[in-house]
Amino acid sequence: MSWADPFISALKANDVRLVTYVPDNVLTPLISAAAGDNYFISVGATREDEAVGTLAGAYMGGLRGVAMMQTSGFALIANALASLIVPYRIPALILVSERGTLGEFNIGQVTVSRTMRPVLDSIAIEHHTLTEEKTLPFILDKSIKQAFTTQNPVVFILSPLLTGGNPLAAAKLT
Amino acid sequence: MTAPTIDAASVKILNRVDLTKRLVARLAREEAVIAGIGNTNFDLYAAGHRAQNFYMLGSMGLACPIALGVALAQPERGVIVLEGDGSILMGLSCLTTIGMVAPPNLTIIIMDNGSYQITGKQPTATATTADIVAIARAAGIRNSHWARDESHFDALISRPFDREGPALLAAKIDAQPGTGQTVRDPPLIRHRFMRGLGTGRRSPLDE
């Protein structure tokens, strides 16, 4: 069992059926699990802000969704968050696979990852860094329910502590 | 259906207010209409508010992705998105996504005046070199057409919006500014739109 299983369970328990994403190595188990399950509608977006826009439209049409991306992709969505999700009060669920820390080999990823939490804090979006399987089901279920009840977005940051990080990284670190 | 290609340079210059009114007059099945930032949404509002209208106030370039989401959520409902040339150029990637996902109930209408009209009329790439219809076709939206004139636009929108898509219709338009002014209250816009789509919350406050 991987961290992806409780994630799929939490989505299903909360009627979240749209999965939209820009791919990432770490997210692959979740992307594959959703793609292979008829419960979900999977949409591979070309850019991360597209994924966020599609999620917003789907919510208004009555379909709950999650947008998944990597930290570098998160840096593309500041405007979508600040001028669409936050002002329109869309309960967007956003899952970010965290690169740039705990064994990163690419300096570009390191720098861009530093922008993520300050951006989220500056526009008062709740975020949780997921580090262990034990607390995962509680954090996911309660936060997803809170998002839809309060009509506010929530961002889940998938720490390498939980996922093991980018599987390709080890060979590139000296 | 693939109609003969019409050269963008050969089409008549139309008027956004007029085309928007023609579109709204055609809507008989509570189709959702998502209008992008700026003049497309001002003129949609000016054409007469409908409960199924969504007015985007920020997030330039995301009207089509928002419409894609609505179309996926409500596959029985026709969904139409109104965008300007500057906005669609900013988010061209969504055309490839829409081409790939191919929602049959999505129609994109591009109002192309070849300029960032609202910021000082700076030219966009469509003023000289880029062709939105050709781009859309190459992105996989085969059912993409320039409107030759008003009657051709009428013919193009005489389609079942809930099927046979995705489609993209584009019109070259004049430089007339937007004519309306949407209320700038995003939660209110969203709430009313969701009511129009049958997905809004009801509460004792509504009594």
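What follows draws every value from the coordinates through simple rules; no lab data is involved. Remember, it's a predicted structure, so these values are computed and weren't measured experimentally. Every residue, glycine among them, receives a Cβ derived from its backbone with ideal geometry; neighbour counts consider all protein chains shown.
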What Kirkwood hydrodynamic radius, in Å, does segment B:96-162 give when the mean of 1/r is taken over all pairs of distinct Cα atoms and then inverted?
13.5 Å
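Please give me the summed charge of the neighbours of residue B:151: other residues whose Cβ is under 11 Å from its Cβ, Lys and Arg +1, Asp and Glu -1. Spell out each step's value before the answer.
Working: positive: B:12, B:22, B:148; negative: B:149, B:150, B:154.
That works out to 0.
Using only C-alpha atoms and all pairs of different ones, pull out the Kirkwood radius for segment A:1-142 in Å with one decimal.
It is 15.5 Å.
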Radius of gyration and Dmax for chain B's Cα atoms, expressed in Å?
16.1, 57
How much length is gained if the chain between residue B:121 and residue B:51 is pulled fully straight, taking 0.36 nm per residue apart and subtracting their Cα-Cα distance, in nm to one decimal?
22.0 nm
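Over its Cα atoms, what ratio of radius of gyration to 2.2 N^0.38 Å does segment A:1-40 give?
On the way: Rg = 9.6 Å, N = 40, 2.2 N^0.38 = 8.9 Å.
Relative to the 2.2 N^0.38 Å estimate, segment A:1-40 comes out at 1.07.
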Taking every alpha carbon pair in the protein assembly as shown, what does the distance histogram look like in 20 angstrom bins from 0, in percent?
29, 54, 16, 0
Modelled label-to-label distance, residue A:12 and residue B:128, 7 Å Cα→beta-carbon offset: nm?
5.6 nm
Over segment B:1-115, with a single point scatterer placed on each C-alpha, what log10 of the ratio I(q)/I(0) does the Debye formula yield at q = 0.14 1/Å?
-0.57
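Which value does Rg/Rh take for segment A:58-150 over its C-alpha atoms, Rh per Kirkwood?
Values: Rg = 14.0 Å, Rh = 14.4 Å.
With Rh from the inverse mean 1/r over Cα pairs, Rg/Rh is 0.97.
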Near the amide H of residue B:145, under 5 Å away, which other amide H atoms are found, from residues 5 or more places off or on another chain, if H is placed in the peptide plane?
B:168, B:169, B:170
Stretch gain in nm, segment residue B:102-residue B:7, where the contour uses 0.36 nm per residue and the Cα spacing is subtracted:
31.7 nm
Count of lysine pairs in the protein assembly as shown with Cα separation under 25 Å (8 or more residues apart, or interchain):
11
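Using helices alone, I'd like the mean residue ellipticity at 222 nm for the protein assembly as shown: each DSSP H run of four-plus residues gives -39500 (n - 2.57), total over residue count, nearest 500. If you can, show how the numbers build up before the last one.
Values: 16 runs with 139 residues, N = 381.
Helix contribution divided over all residues of the protein assembly as shown: -10000 deg cm²/dmol.
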Once you place label points 7 Å from the Cα toward the Cβ at residue B:142 and residue A:78, how far apart are they in nm?
4.2 nm
Please build a GNM for chain B, connecting alpha carbons under 10 Å apart, and tell me which residue among B:67, B:28, B:102 fluctuates the most.
B:28
Taking the Cα centroid of segment A:63-77 and of segment B:82-102, what is the distance between the two, rounded to the nearest whole Å?
18 Å
Give me Rg/Rg_expected for segment A:10-67, where Rg uses Cα atoms only and Rg_expected = 2.2 N^0.38 Å with N residues.
1.04
Residue with peak Gaussian network fluctuation, chain A [Cα springs, cutoff 10 Å], from A:107, A:157, A:41
A:107
Rough spin-label spacing in nm, given labels placed 7 Å along Cα→Cβ, for residue A:134 and residue B:202:
4.7 nm
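Suppose R0 equals 25 Å; then what is the FRET efficiency for residue A:145 and residue A:115 from their Cβ-Cβ distance, rounded to the nearest 0.05?
Values: r = 29 Å, r/R0 = 1.15.
For R0 = 25 Å, the calculated efficiency reads 0.30.
If r is the Cβ-Cβ distance from residue B:185 to residue A:102 and R0 is 45 Å, what FRET efficiency results, to the nearest 0.05?
Once the sixth-power term is evaluated, E becomes 0.55.
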Taking one equal scatterer on every alpha-carbon of segment B:90-207, how large is log10 of I(q)/I(0) by Debye at q = 0.13, 0.17, 0.23 1/Å?
-0.71, -1.05, -1.27
Distances over 14 Å make up what percent of all Cα-Cα pairs in segment A:99-161?
63 percent
Given the Cα-Cα distance of residue B:176 and residue B:149 and 0.36 nm per residue of separation, how much length would full extension add, in nm?
8.0 nm
Looking only at trypsin sites (Lys or Arg not before Pro) in DSSP loops with at most 16 other Cβ atoms within 10 Å, what is the longest site-free stretch of chain A?
A:1-88
